[in-house]
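The values are calculated or read from the model by the stated rules, or taken from the named source; none is laboratory data. Predicted, not measured: the structure shown is a model, and the values here were computed from it. Cβ placement follows ideal geometry from the backbone for every residue including glycine, while neighbour counts extend to all protein chains displayed.
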Amino acid sequence: MINSIKGGVYPTMLTPFTADNKIDYNAVSGILEYYAKNGVDGIFAICQSSEIFYLSFEERLALLKYIKENLPEGVSLVASGHVADDIDTQIKEAKAFCETGIDAYVFISNRFAAQDEGDDIFLANYEKAVKALGDIPVGMYECPYPYKRVIMPDIIKKCCDYGNFAFIKDTCCDINLIREKLRAAEGTSLGIFNANGATLYESLKAGCAGYSGVMANFHPDLYVRLCHTRQNDPGKAQVIADFLSFASTIELQQYPVNAKYHMKLSGVDMEIYSRTRDCRTFTPANKKEIEAMIRTEEYFRKTLD
């Protein structure tokens, strides 16, 4: 059974923390409301932006259950979360996550083979995991940590042959390679979601299903506008794409702390604590840059209307 995943914008969901380093579930609800208010099509939960490598299995599972139970109406939910090195533990974790009722489970590509191991090991583990999960649609996330394993076109074809392959969060940042991947997925239900702002517009025109990246935590409405209106006004779409491409450089600042600060200033009742970065290193100058970005976003929105 192969099911396609609804196209559009899928933010990589943040995990908010309290001052005593616990998951802040009130803020989780606020983030979900923020995404819905900005018109996103889906959410990619329990991913690297969620700081999953710094969450226990129990925390990851409890967080996903809460997200599913409080998911805004009409919003799709895909999730990852398996961080173990051995495939049997990964499958055990993935099954638990699937039981929450998510729309698709997204495997992390670098979990199926070590950096020095070949595609034969990757494919053997992928096939084993897919068969173990049954009929649920599955995806692949080219997570850059602890190393990035890009899924090449020939591997995409083989993964499609196993069935249920419905989602790729692509992080290759190479429009020519993305086009090759799209050709490899022709005739299947696989949707490729680009995570890179600089190549997004070109990839949408080439056939990508949407955007799933960290910058949807800053201005998701602009990504929604690009993904859903690009065919109606190509000139305006190019202007939006140019802004998003340039703005995406803020990702290099202090992510995810900077995204939490942006979201806090945008009305979500949350703090900027993180397990992956010391928020004390987020300097007053860094804050000024985010504040300037928010003002620029507001001005840019006015120019589009």
Across (1) free of Cβ contacts under 8 Å to residues at least 60 places away in the same chain; (2) more than 30 Å from GLU59 (Cα to Cα); (3) of a type outside the set (Val, Ile, Thr), MET215 clears everything bar (2)
Note on the stretch 249-297: residues in a helix (DSSP H, G or I), within 23 Å of PHE53 (Cβ to Cβ) and among the hydroxyl-bearing types (Ser, Thr, Tyr) are TYR261, THR281
Of the residues in the stretch 138-173, those that are more than 27 Å from GLU51 (Cβ to Cβ) and acidic (Asp, Glu) number 2
### Task
Please tell me if TYR141 is touching a residue at least 12 places away in the same chain (Cβ under 8 Å), of a type in the set (Phe, Trp, Tyr) and loosely packed, with under 15 Cβ neighbours inside 10 Å.
no
Restricting attention to the stretch 170-200, the residues that are under 27 Å from LEU252 (Cα atoms), among the aliphatic types (A, V, I, L, M) and touching a Gly at 6+ places or on another chain (Cβ under 6 Å) number exactly 1
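Considering only residues that are out of contact with any Phe, Trp or Tyr (no Cβ under 9 Å at 6 or more places or on another chain) and surrounded by fewer than 23 Cβ atoms within 10 Å (Cβ to Cβ), which ones fall in the stretch 249-258?
Applying the first criterion (out of contact with any Phe, Trp or Tyr (no Cβ under 9 Å at 6 or more places or on another chain)) to the stretch 249-258 yields 249, 252, 255-256.
Once the filter is applied, which keeps residues that are out of contact with any Phe, Trp or Tyr (no Cβ under 9 Å at 6 or more places or on another chain) and surrounded by fewer than 23 Cβ atoms within 10 Å (Cβ to Cβ), the stretch 249-258 yields THR249, LEU252, TYR255.
Residue by residue, here is whether (1) assigned to a helix (DSSP H, G or I); (2) touching a strand residue (DSSP E or B) at 6+ places or on another chain (Cβ under 9 Å); (3) closer than 20 Å to THR12 by Cβ holds:
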residue	(1), (2), (3)
GLY74	no, no, yes
HIS82	no, yes, yes
THR89	yes, no, no
PHE97	yes, yes, yes
ILE102	no, yes, yes
GLU117	no, no, no
PHE122	yes, no, no
LYS128	yes, no, no
LYS131	yes, no, no
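Kindly indicate whether any position in the stretch 64-76 is buried (at least 21 other Cβ atoms within 10 Å of the Cβ), more than 20 Å from LEU226 (Cβ to Cβ) and touching a residue at least 60 places away in the same chain (Cβ under 8 Å).
Step one: of the stretch 64-76, the residues buried (at least 21 other Cβ atoms within 10 Å of the Cβ) are 64, 67.
After this cut, where a residue has to be more than 20 Å from LEU226 (Cβ to Cβ) as well, the list is 64, 67.
Filter once more, keeping what is touching a residue at least 60 places away in the same chain (Cβ under 8 Å): none.
No, the stretch 64-76 has no match at all.
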When the stretch 229-248 is checked residue by residue, the ones that are surrounded by fewer than 17 Cβ atoms within 10 Å (Cβ to Cβ) and either part of a helix (DSSP H, G or I) or touching a residue at least 40 places away in the same chain (Cβ under 8 Å) (or both) are THR229, PRO234, GLY235, LYS236, GLN238, VAL239, ASP242, SER245, PHE246
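From the set of residues in the stretch 28-66 that are of a type in the set (Asp, Glu) and part of a helix (DSSP H, G or I), which is farthest from SER76 (Cα to Cα)? Give the derivation first.
Pass one, the stretch 28-66, residues of a type in the set (Asp, Glu): 33, 41, 51, 58-59.
Checking which are part of a helix (DSSP H, G or I) leaves us with 33, 58-59.
Numbers: GLU33: 14, GLU58: 23, GLU59: 21 Å.
Within the stretch 28-66, the match that is farthest from SER76 (Cα to Cα) is GLU58.
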Fill in: Verdict on LYS236 being touching an Asp or Glu at 6+ places or on another chain (Cβ under 9 Å), of a type in the set (D, E, K, R) and within 25 Å of ILE294 (Cβ to Cβ)
no
Within the stretch 162-184, of all residues that are modelled with pLDDT under 95 and surrounded by fewer than 21 Cβ atoms within 10 Å (Cβ to Cβ), the one farthest from LYS6 (Cα to Cα) is TYR162
